[in-house]
Amino acid sequence: MSAPRRNLPFRFIGKRILQAVLTILGIAIINFFLLQLAPGDAAEALAGEAGTADAGYLANLRREFGLDRPLWEQLATFLMRIATFNLGYSFRYGETISTLILSRLPATLLLMATSIVIALVIGILFGVTAARYFNRLPDRLISLVALLFYATPPFWIGLMMILVFSVWLGWAPTGGMRDITAPDGGIAGVFDIARHLALPALTQAFFYLAIYTRLVRAGMLEVLSLDYIRVARAKGISEQRVAYRHALRNAVLPLVTVVGTNIGGFLGGAVLTETVFSWPGIGRLMFDAMLQRDLNLLLSILVLSSVFVVIANLAVDLIYPVINPTVELR
Amino acid sequence: MSAPLLSIADLKVRIRGNPQARLLRGVSLSIDRGETLAVVGESGCGKSLTSLAVMGLLPDGLEKSGGVIRFDGADLPVTDNEAMRKVRGRRIGMVFQEPMAALNPVFSIGDQVAEVIHEHEAVSHAAAMARVVDLLTQVQLPEPARIIHEYPHRLSGGQRQRVVIAMALACRPDLLIADEPTTALDVTVQAQIMRLLHDLQDDMGIAILLITHNLGLVAQMADRVAVMYAGRKVEEATTRMLFAAPQHPYTRGLLAATPRPGRRRPGEPPLTEIPGVVPAITEMPSGCRFRPRCMLASDICALEDPPFVDGVACHRAVSRELVP
Amino acid sequence: MRSISFILRHWTTALGILLLAAVILMALTAHLVFPGDPYDMVGAPLTWPGESADTLLGTDSLGRDMAAGLFYGARVSLLVGFASALVAAIVGVLVGAFAGYYGGWTDDVLMRITELFQTTPQFMLALAVVAVLGPSVTVIILSLSAVSWPAVARLVRGEFMVMRERAFVHGCVVAGMSDLRIIFAQILPNVLPVIIVMSTILVATAILMESALSFLGFGDPNVLTWGTMIGMGRGQLRDAWYIIAIPGVALLLTALALNLVGEGLNDALNPRLKQRKG
Ligand SMILES: Nc1ncnc2c1ncn2[C@@H]1O[C@H](COP(=O)(O)OP(=O)(O)O)[C@@H](O)[C@H]1O
Ligand SMILES: [Mg+2]
């Protein structure tokens, strides 16, 4: 069967993009006021440990943020900095903050994409199986596993996986993204990264796997009782095809939106996973910024991560009507 | 005379693991090639379960506990899902009551109809699609070449039912089971769909098992009629005989409740409903199950469920010979 | 009383209640069972569980009693969990109730704001709040409620939108009852069961997030928590993994208990909404 295809009306796209821009503006304003809450001198708070040593840096920050200006001017300056992607300079890293964040982003995206795929694939398999064996042993086992994954702190799962798979079994490295000795490119290089990726990606996936399993199970139970499933059976097609083609397609559509809303969760979780596994992404960068009390870097990461979530949700909003023919566009 | 196309003998269905909950209590029906048999009765008397049992599609939690179903001279392996897949859609097509919910919302019409063809025949996608267009033309859908690309939510109820009929007929089955195919549609569309089924039957020579509680449709369509009540057949006759001389008090009640166009003269009593409702499976009366609602009931009716003799299952039936 | 026997019929819920009661008991009796400071050294460092009769669950790398940590940690976990769930529930109910009841631009504005908080990655926002205001139990409670209230607001808004179309609400309007009374005295009691169920899950989530904060070292330095214990045990992963395993299991069981209780409450309080389940 061919994939459904549809053209999106410009009005719809325009409206969604405008909404996204307004959301980003709102997030920037929240961050600005968060900064205002910091006790003591704003410049010193912004600079954290890096600033106390360097008077020139403090003066620089005051000027850049317009800290001696009235509040609304400070807000305007703050918004301009974000809009122009001019987030300042990090002394510790010797780079502008935007380059710093952008250079760490790919590692986080790789980790996030891998764990989303793992969570979706296993969650769908589990959910469909549980629904097809409703109230029988496989269903109960899967539901129990899902509940356990849902209730376990992810960073602890990460540590336990390091203990079992790295320390005891020696199957995977304890952290990092690549071995110093490994070749830079080629199949060997890719394999090296994959070896490092496996444990953190699984760790990140468990919690969402639990959510997706429950959603798919509930969706499948609902869809499997619908009339068109009986009609499909009356055509003589196999149970396998009824489940994975007719029912699943309808049961997983809402999942697309859920994954979109989980992107923020994955980014937040990355702070923990990347810290546990020394994975060089923005989560680890945020942890380091916390340690050095580098508020400027910290808030920059927060704003840019939120912007990323907004863009991801915008993408989901635009993709959803294309894959779900029954959505009426407003 | 040759063997019937489909014969159901003493079909019993119950709730799994509960011998008390007898939903079908020995239903027997038969249909010849090209014939139309109507099965009538109020809601809940087992019409749908009978047809689902034939398709091997009984709902979870129900099981066939007895009886033999023969189709085209061989036993129908209704409990063997893999074997039944070769029958469903290919030898027996089925049309359900709810056209609005009968099509999968995420697949195009063309894909859904073509799926039956692909399942049962080795044809190319292009050939299948060409056949889908022919089928949609046959069921009189406008612009079939456009409709194959549409999604179900863009079609009206009547149009969707035509698609379901096209799907059921795609592999030229010998038997079409139509379970209340027009109940959910409004009156003018009902008439169109019934005419369509009638015409298709003339063209293709298929047999139709028509399930309905609309006796008006029965009069137009059916060769023979079986009346069901509370899980069993209580009367069977040719359509003409049934309308002319109904024997079972239940049948007479049904007929009295049916408007017959052109038959109602001034002064004729208005339509009468049968008093009461079909009892729930847990509250079935002893003896004849129609007894609490029957005006003719006597002592013997409470003692024994009447056997099916000479086309009727009733202790108090008026013999056809005596009807003027 | 009927709902209690209902709850007990489900053994998973009973298990949840039992586990939760055990954790609460640990929190309440911590100072009686372990009168000293849980940060004090009581035995030889890195004593394995069962090795010494004085420290049944062993000691960490500084000779602190694991069992004492477990008991005192329960206090912080429960305090932070319940307090932040309470704050989040109050804020969420207020926002959701007004948005759902009034609709129109009130709804638009409130929901846009809710959306902002939902878009920002939750854990990152909590971290930022702690970074700005400094790590203390109060700040942590605030930061966790700041990231949890939007979910409550959305849920409550949906319920209110349905409820305000009900006949009894129209009746109140016609009778001239004030909006505030309709919202809090008429509709809210009907929505309460859903809010209670959601709050149980919020407590679990907050406990897990608090443990994550203190695991990273951004918890209140004046109290000992399960997350702190795990964080400090990281260095001994190879040779004394029990330091990490024990508080982790405590966290897992607590969160599990709250989820089980939540499911049980859902069945008991919302029979209408009861899902097909085993
Ligand atoms: N899945 C099921 N479980 C239990 N009882 C059922 C089920 N499906 C149907 N029944 C019962 O079987 C009887 C016959 O149903 P059905 O064949 O659908 O009636 P109808 O003649 O209206 O098509 C009804 O009393 C109905 O309640
Ligand atoms: Mg029926």
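Residues in the stretch B:160-207 that are within 16 Å of ligand 2 (Cβ to nearest atom) and assigned to a helix (DSSP H, G or I): B:Q161, B:V164.
When B:R260, B:R320 are checked against the criterion of being open to solvent by less than 60 Å² (accessible area, probe 1.4 Å), modelled with pLDDT under 85 and away from ligand 1 (no atom under 16 Å from the Cβ), a single residue qualifies: B:R320.
If a residue has to be free of Cβ contacts under 8 Å to residues at least 40 places away in the same chain and either facing another protein chain (nearest Cβ under 9 Å) or of a type outside the set (S, T, N, Q) (or both) to count, how many in the stretch B:116-139 make the cut? Going through the stretch B:116-139 one residue at a time, the tally reaches 16.
In this structure, does B:A244 turn out to be of a type in the set (A, V, I, L, M, F, W, C), on the phi < 0 side of the Ramachandran plot, in contact (Cβ under 8 Å) with a residue 40 or more places away in the chain and outside the structural domain of B:E35 (by TED's automatic domain parsing)?
On the way: of a type in the set (A, V, I, L, M, F, W, C): yes; on the phi < 0 side of the Ramachandran plot: yes; in contact (Cβ under 8 Å) with a residue 40 or more places away in the chain: yes; outside the structural domain of B:E35 (by TED's automatic domain parsing): no.
For B:A244, the condition - of a type in the set (A, V, I, L, M, F, W, C), on the phi < 0 side of the Ramachandran plot, in contact (Cβ under 8 Å) with a residue 40 or more places away in the chain and outside the structural domain of B:E35 (by TED's automatic domain parsing) - is not met.
Here is the figure for the stretch B:87-113: residues that are facing chain A (nearest Cβ under 7 Å), within 17 Å of B:L135 (Cα to Cα) and part of a helix (DSSP H, G or I) total 1. Scanning the stretch A:178-207 for residues that are open to solvent by 20 Å² or more (accessible area, probe 1.4 Å) and touching a residue at least 12 places away in the same chain (Cβ under 8 Å) yields A:R178, A:D179, A:I193, A:R195, A:A198, A:L202, A:F206, A:F207.
Give the number of residues within the stretch A:292-330 that are more than 8 Å from every other protein chain (Cβ to nearest Cβ) and part of a helix (DSSP H, G or I).
Looking only at the stretch A:292-330, we keep the residues that are more than 8 Å from every other protein chain (Cβ to nearest Cβ), and these are A:292, A:294, A:296-297, A:300, A:303-304, A:307-308, A:311-312, A:314-323, A:327-330.
Remaining after also requiring part of a helix (DSSP H, G or I): A:296-297, A:300, A:303-304, A:307-308, A:311-312, A:314-323.
Result for the stretch A:292-330: 19.
Report, by residue number, each residue of the stretch A:240-250 that is open to solvent by 10 Å² or more (accessible area, probe 1.4 Å) and either under 19 Å from B:P152 (Cα atoms) or in contact (Cβ under 8 Å) with a residue 60 or more places away in the chain (or both).
A:Y244, A:R245, A:L248, A:R249, A:N250
When the residues of the stretch B:27-56 are filtered to those that are among the aliphatic types (A, V, I, L, M), under 20 Å from B:F71 (Cα atoms) and within 13 Å of ligand 2 (Cβ to nearest atom), the one that is farthest from the other protein chains (Cβ to nearest Cβ) is B:V39.
Checking each residue in the stretch A:276-292 for being buried (at least 24 other Cβ atoms within 10 Å of the Cβ) and farther than 23 Å from A:I82 by Cα picks out A:V276, A:F277, A:W279. For the list (1) closer than 30 Å to C:Q236 by Cβ; (2) out of contact with any His (no Cβ under 7 Å at 6 or more places or on another chain); (3) surrounded by fewer than 22 Cβ atoms within 10 Å (Cβ to Cβ), I need the number of the one condition that A:G158 fails. Unmet for A:G158, out of (1) closer than 30 Å to C:Q236 by Cβ; (2) out of contact with any His (no Cβ under 7 Å at 6 or more places or on another chain); (3) surrounded by fewer than 22 Cβ atoms within 10 Å (Cβ to Cβ): (3). Candidates A:R69, A:R63, A:R81: the one that is assigned to a loop (DSSP other than H, G, I, E, B) and assigned by TED's automatic domain parsing to the domain that holds A:T23 is A:R69.
In this entry, B:A222 is excluded by the filter for residues that are more than 14 Å from every other protein chain (Cβ to nearest Cβ), more than 16 Å from ligand 1 (Cβ to nearest atom), more than 18 Å from B:E35 (Cβ to Cβ) and at pLDDT below 95.
Report yes if some residue within the stretch A:293-300 is without any contact (Cβ under 8 Å) to a residue 24 or more places away in the chain, open to solvent by less than 10 Å² (accessible area, probe 1.4 Å) and among the aliphatic types (A, V, I, L, M); otherwise report no. Yes, the stretch A:293-300 has at least one match. Filtering the stretch C:179-203 to residues that are within 14 Å of chain A (Cβ to nearest Cβ) and either among the β-branched types (V, I, T) or surrounded by fewer than 24 Cβ atoms within 10 Å (Cβ to Cβ) (or both) leaves C:T200, C:I201, C:V203. Listed by position, the helices (runs of 4 or more DSSP H) inside the stretch A:185-280 whose residues that are in contact with a strand residue (DSSP E or B) (Cβ under 9 Å, 6 or more places away or on another chain) and modelled with pLDDT of 90 or more number at least 1 are A:227-234.
The values are calculated or read from the model by the stated rules, or taken from the named source; none is laboratory data. Since the model is a prediction, treat every value here as computed from it, not as a measurement. For neighbour counting, all protein chains shown are included, and Cβ atoms are generated from backbone atoms with ideal geometry for every residue, glycine included. What goes into the accessible areas is simple: the full protein's heavy atoms, side chains included, and nothing from ligands, DNA or RNA. Shrake-Rupley method; radii C 1.70, N 1.55, O 1.52, S 1.80 Å.
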